[in-house]
Amino acid sequence: MVESRGVHIYKHSELDFANLRSSFRRSIHISNNLNQAMGIDGNNILAESLKRQGVEYVFGIVGIPVIETAMAFQAAGLKYIGMRNEQAACYAAQAIGYLTGKPGVCLAVSGPGLLHCIGGMANAQINCWPLLVIAGSCPEDHEGIGGFQEWLQVESSRMYSKYAARPPSARLIPLHVEKAVRVASAGRPGVAYLDMPATLLTAEVDEDKVPLEYHNPGPVRLAYPDPALVDKAAEVLSKAERPLIIVGKGAAYGHAEDAICKLVENTKIPFLPTPMGKGVVPDASPLCVSTARTQALLQADTVLLLGARLNWMLHFGQAPRFAPDVKVIQVDISPEEFHNSIKSEVAVHSDIKPFVEALVDKLAAKKFSLQPNTNSWWKTLGDKQKKNVEFVEAQANDKSVPLNYYAVFKAVQANIPKDSVIVSEGANTMDIGRGILLNNKPRHRLDAGTFGTMGVGPGFAIAAAMWCRDYAPGKRVICVEGDSAFGFSGMEIETMFRYKLPVIIVIVNNNGIYNGFDKQMMQDIQSGGDIAQCTPPTALSTEVRYEKMMEMFGDTGHFCRTVEEIEAAVKKAVAVTDRPSIINILISPQSNRKPQAFNWLTESKL
Ligand code: ADP
Ligand code: MG
């Protein structure tokens, strides 16, 4: 051990992990039992505080000064999953937060470690998911004189979080942990950051001076709806000729599925899930109008917006994608969101679940229900649905090689368990897959989300697989990746192997970003001049054998060009339950989406 201005810097060779861990456990055990004053250091105070605030999972990468921190976490009974890149760790921690409703922790080293988390923090903040990032930082007495990995970490985090702080002393760690967990979870969820200088982590204080029992307030009850606004919402909705319910990921996060299923079932109002709102009401419901999305948005005269923002994903709620005089009933836990982009007809500050429960009663009292067989709104939507389904079916049944996206997803969908968690990222892969890979359970779809972040897939899949292991044994995670998307965090396959997580990674490989080129064309293009000037920015290497990454672990992956090969590979992968699988599917580099009535990204009007 090197003593440096009071800081303990361990050399790797000096670390005896097993001994260190058991001494952590011993010191906590003794102090609990004998109830006598003993020294406890910052690492253990942090670990105990997190445990007592209900944190369950930590994803991270260790290094100076947080190796002992991670071991203290394990000794305190937290689950620690070591990842290969802080970004992926941060994605995993926020996904577990979304799945469990309790913030996951991302643990990182100082400087670059924390900076690698920033993209993940922004992603969580923009998706409104609870996350607590904790990073070690350089010893306080090295600050300002060029300390190792010295960086302004609290300042760097502030823009990407609801709360960012450095506990001023070891004794105050429990207070800041309580606050960080509470702020990350409360109201509209988001990010909290705690900065832990090496000097704080190793500082020893008398245990009886540390308020380890610092109160855990438990979940704070969210806002209930004003009954007058429920009345108004019921009134507006029951007068609508062409009503539409939009179900967002706030409804999924708010566990409002039972109430929303009842609302849809009772009223027969068509509903449209946002990408991660999928599964709150099963996608297979006949009342789901995803296959007539454009028409539904365009012609609805009244929209009940449940836990979704009118941002780019919903075309700002504006013309030309919505009727210019559409009435929006907006329900959100965050009142700051009201009247953003358009003026809502009714704005209800409420947790989705009690609002929808109250609305169901009100509409039942009014005996409000559409008749899909005779209703003209349903007829319009039904005609459109039929046309779209016919197009998709024709594509999906076209098995010619190289395959198109639709045929690939049909073969995958037919062979995976229907209650699987679907993780997806990519451009066409994610967009086309969304329509064909169905969700029949809430919180079972994780994708690039509101921020459109690439690289989230493997981290999300690891979190989902941990959640399945602990909360839904036997359930599977299917991670559907474009070849470009997979490249961002593909090395997390090692993490999946280490923790024996049976994630099925499906790579839809078109040799590029959006579109690629076939082998011959790529050779021709690259021989045409300076390689850096003539290689198309969207191109990736052709026919890359990503599945051979399995060989790094003495295993074999699946390489597919045909529907039959996909079906056989998915069946085999589903049978494997103790390690990940990779199914690498070559498709036509020119395969595309169905032509759209509108550009997917609404044109700017400036
Ligand atoms: P989507 O991507 O599905 O459109 P967004 O992320 O845009 O969804 O919006 C989710 C919204 O849900 C946010 O505005 C957030 O404040 C809100 N929200 C989160 N939890 C709840 C809840 N329990 N009740 C009501 N609204 C919620
Ligand atoms: Mg691609």
Margin query: Shape verdict for segment 293-395, please, from the Cα gyration tensor: rounded (a/c under 1.5), prolate (a/b greater than b/c) or oblate.
Written below: oblate
Check: Relative to the first principal axis of the alpha-carbon coordinates of the chain, what is the inclination of helix 563-575, with its axis defined by its Cα atoms, in degrees from 0 to 90 and to the nearest 10?
Finding: 40 degrees
Check: When the helices in the chain are scored as -39500 (n - 2.57) per DSSP H run of 4 or longer and the sum is shared across all residues, what 222 nm value do you end up with, to the nearest 500 deg cm²/dmol?
Finding: -12000 deg cm²/dmol
Next item on the list: Report in % the part of the accessible area of the chain that belongs to carbon and sulfur, leaving out ligands and nucleic acids; probe 1.4 Å.
Entry: 54 percent
Check: If one computes P(r) from the Cα atoms of the chain, what percent of pairs lie at distances over 36 Å?
Finding: 42 percent
Note to self: Charges on Cβ only, +1 for Lys and Arg, -1 for Asp and Glu, centred on the Cα centroid of the chain; of 490, 364, 192, which one is farthest towards the dipole's positive end?
What the structure shows: 364
Margin query: At 1.4 Å probe radius, can you tell me the per residue accessible area of the chain in Å²?
Written below: 41 Å²
Margin query: With both bridge residues required to lie in the chain, what share of the DSSP beta bridges run antiparallel, to the nearest 5%?
Written below: 10 percent
Margin query: Taking amide H atoms as placed 1.01 Å from N in the peptide plane, list the residues 5 or more away in sequence, or in a different chain, whose amide H sits under 5 Å from that of residue 327.
Written below: 302, 303
Next item on the list: May I ask you to evaluate 6.51 cos²θ - 1.76 cosθ + 1.60, the Karplus curve with θ = phi - 60°, for each residue of segment 435-441 and list the ³J(HN,Hα) values in order in whole Hz, giving x for glycine and proline?
Entry: x, 9, 8, 8, 10, 10, 9
Notebook entry, point to check: Which listed residue (522, 510, 534) has the Cα farthest towards the positive end of the charge dipole for segment 491-545, taking +1 on Lys and Arg C-beta and -1 on Asp and Glu C-beta about the Cα centre?
Noted result: 510
Margin query: Using DSSP to call loops (not H, G, I, E or B), can you name the trypsin sites (Lys or Arg not before Pro) in segment 193-256 whose Cβ has at most 16 other Cβ atoms within 10 angstrom?
Written below: 221
Notebook entry, point to check: Under a point-charge model restricted to the Cβ atoms of Lys and Arg (+1) and Asp and Glu (-1), what is the dipole moment magnitude of segment 159-229 relative to its Cα centre, in debye to the nearest 20?
Noted result: 400 debye
Checklist line | Partner lysines for residue 367 [C-alpha distance under 18 Å; skip if fewer than 8 residues away on the same chain] | finding: 232, 239, 262, 268
Checklist line | Electrostatic dipole magnitude of the chain [Cβ: Lys, Arg +1; Asp, Glu -1; Cα centre; debye, to 20] | finding: 1760 debye
Checklist line | Computed magnitude of the charge dipole of segment 339-459 (debye, nearest 20; Cβ of K, R +1, Cβ of D, E -1) | finding: 340 debye
Margin query: Quick check on segment 550-591: take the gyration tensor over C-alpha atoms, sort the square-rooted eigenvalues as a ≥ b ≥ c, and tell me if it's rounded (a/c under 1.5), prolate or oblate.
Written below: oblate
Notebook entry, point to check: How about segment 285-355: which trypsin sites (Lys or Arg not before Pro) there lie in a loop by DSSP and see at most 12 other Cβ atoms within 10 Å?
Noted result: 343
Margin query: Test of understanding: given the chain, find the longest segment containing no GluC sites (Glu not before Pro) that are in a DSSP loop and have at most 13 other Cβ atoms within 10 Å.
Written below: 242-602
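The values are calculated or read from the model by the stated rules, or taken from the named source; none is laboratory data. From a predicted model like this one, the values you see are computed outputs, not experimental measurements. Here Cβ is always computed from backbone atoms with ideal geometry, including for glycine, and neighbour counts include all displayed protein chains. The protein model used for the area step is the full one, side chains on, heavy atoms only, and it has no ligands, DNA or RNA in it. Shrake-Rupley method; radii C 1.70, N 1.55, O 1.52, S 1.80 Å.
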